[in-house]
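We did not get these values from a lab; they are worked out from the coordinates using the rules stated. Here the structure is a predicted model, which is why all the values come from computation and not from measurement. Glycine also receives a Cβ, built like all others from the backbone with ideal geometry; neighbour counts cover every protein chain displayed.
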Amino acid sequence: HRLMPVRMGKGVRLITAPAYRNAKASATLLLIQQWARRERFTGAVALTGTVYMPDRRKRDAGNYRKLLTDALSGIAYDDDSQLVLEVWLLGGVVHKDLARVELVVEAAGPQQGALL
């Protein structure tokens, strides 16, 4: 889980779990390498992610999504609040050496994210 409750005096404070922090740090390093020499988006952003799993085990895809959108903050865009459109696709199950997430990050068009 991303947040762990910690009792402090009369209240409870939520802190980031060490495993999440470590995974985010690793993802951030990889994303910095992949994003090198590209401009950071300043406006609305659309993201498409395709996930290729190493096996058929059940996983919480929402945790991966959040980790990656958080890690992209400050690299591909200033803040993940700029995301107006997210599409996540399951690319299938591949050999464990080929498991990956492919991300396409682009400026959002005028109709993307619009309220109807």
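Between Asn63 and Val84, the contour length at 0.36 nm per residue exceeds the alpha carbon distance by 5.7 nm. What does the charge count around Pro54 come to, taking other residues whose C-beta lies under 15 Å from its C-beta (Lys +1, Arg +1, Asp -1, Glu -1)? In short, +3. 3J(HN,Hα) couplings calculated from phi for segment 58-73 with the Karplus curve 6.51 cos²θ - 1.76 cosθ + 1.60 (θ = phi - 60°) are, in sequence order, 6, 9, 8, 4, x, 5, 5, 4, 5, 4, 6, 5, 5, 5, 6, 4 Hz; Gly and Pro show x. For the pair Asp97 and Thr42, a Förster radius of 41 Å applied to the C-beta separation gives a FRET efficiency near 0.65, rounded to the nearest 0.05.
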